[in-house]
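Structure first, commentary second.
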């Protein structure tokens, strides 16, 4: 028993050594936009497109934050009201005095996911409202932007010649479940898509965060808009993959662009993750089995080994070194990003266990024909 425990604990430790040195240093969480921006002349135009379905509690703040941007160039905002029944359009209009267009969404077309169908209609409207704008900002209806958000995004794209600049916005982290799971969610996303690799034009890996995506208009037109990914539920990463084929992209973290979506209960975070988690694995049963095994070895073995269940002495020492040491070192920068004490890293195995269960439940949903969802609509798609 102790020899088997020593082997498993050693494998877990080696995994974390690999995480620290072989995944592009993602764990440093250091891909950020700088506050200083160059003085561009002229500043290119931006059209902001917000797909919205039953977003009355947050849409007003999103619209207001975009219309009040300290941005020298022209900015227009389009809200696509996707058949809301909670007054989303009225709230959006009340938040604006000028510069806002509200598009009433058409019924969902065959072959489209709900969010992308709304985005498609917003992009079509953008061609009529401001066809000359150099950039399109796709942002969610629960995202608030600080006053210089567009300056930083456009400056990054212009100076570095990027086709896409995307931010993993700061998610709300106030309730107990949010504190346990949200920083872990950000950490796992970075591990799955190491941002330094995404930002390396020489690497094929592409990813984006759908809450904030500034896209060069020419690149978007070049790939045919969102039509080529019309049925994708993980639409942000799919779109990034299409765009990176034609030029460099960039994905980073932000503390200034924020999501106002509250996740007060475990069930709310579970729903957010389970709707697409199995899709991240390509809807593959083999990938699911591999993920469950890998998550168990990486996150559950260290605390179990540290407890002495798998053997004392060297086994327990390896468990402590991995759990309190390597795992903590890797997770600390993300905790610091969220203003959390480093001691919360000791609960990462608990978060990992819950996320593993969410992934399994995502697969069960898929097999039952309810593979993903957006605002009450369920799909069985890629």
Could you check the simple spin-label distance between residue 68 and residue 297, using points 7 Å along Cα→Cβ, in nm with one decimal?
5.2
Test of understanding: in a Gaussian network model of the chain with alpha carbons linked when under 10 Å, which of 130, 140, 110 would top the mean-square fluctuation ranking?
110
I want the antiparallel fraction of DSSP beta bridges within the chain, as a percent rounded to 5.
35
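Pull out a ≥ b ≥ c, the square roots of the eigenvalues of the alpha-carbon gyration tensor of region 9-67, then state rounded if a/c is under 1.5, prolate if not and a/b is larger than b/c, and oblate in the remaining case.
Oblate shape, in that a/c is at least 1.5 and b/c is the bigger or equal ratio.
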Put a dot 7 Å past each Cα toward the Cβ at residue 227 and residue 41; how far apart are the dots in nm?
4.1
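By per-residue mean of other Cβ atoms within 10 Å, what is the highest-first order of 54-62, 335-343?
The densest-packed peptide leads the list: 54-62, 335-343.
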Using only Cα atoms, tell me the angle between helix 235-244 and the longest principal axis of the chain; keep it within 0 to 90° and round to the nearest 10.
80
Can you figure out the FRET efficiency of residue 314 with residue 159, using R₀ = 41 Å and their beta-carbon distance, to the nearest 0.05?
0.20
Distance in Å, no decimals, from the C-alpha centre of region 219-275 to the one of region 134-204 is 9
Find the relative contact order for the chain and round it to a whole percent, using C-alpha pairs within less than 8 Å whose residues are 6+ positions apart.
22
Quick calc: nm separation of the 7 Å Cα→Cβ label points for residue 307 and residue 30 -> 3.7
Which length gain, in nm to one decimal place, applies between residue 361 and residue 246 when the Cα-Cα distance is subtracted from 0.36 nm times their residue separation?
37.8 nm
Extension gain, residue 129 back to residue 203 (0.36 nm per residue minus Cα-Cα distance, nm):
23.0 nm
Measure nothing fancy, just the Cα-based angle from helix 2-22's long axis to the longest principal axis of the chain, in degrees from 0 to 90, nearest 10.
30
Once the piece of chain linking residue 370 and residue 20 is laid out straight, how much longer is it, given 0.36 nm per residue of separation minus the C-alpha distance between them?
122.4 nm
Does region 30-263 classify as rounded, prolate or oblate by the C-alpha gyration tensor (a ≥ b ≥ c root eigenvalues; a/c under 1.5 gives rounded; else a/b over b/c gives prolate, otherwise oblate)?
rounded
Against the longest alpha carbon principal axis of the chain, how many degrees, from 0 to 90 and to the nearest 10, is the axis of helix 176-192 turned?
90
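No value in this document is a laboratory result; all are computed from the given coordinates. The structure displayed is predicted, hence computed values, not measured ones. With ideal geometry, Cβ positions are generated from the backbone for all residues, glycine too; neighbour counts draw on all protein chains shown.
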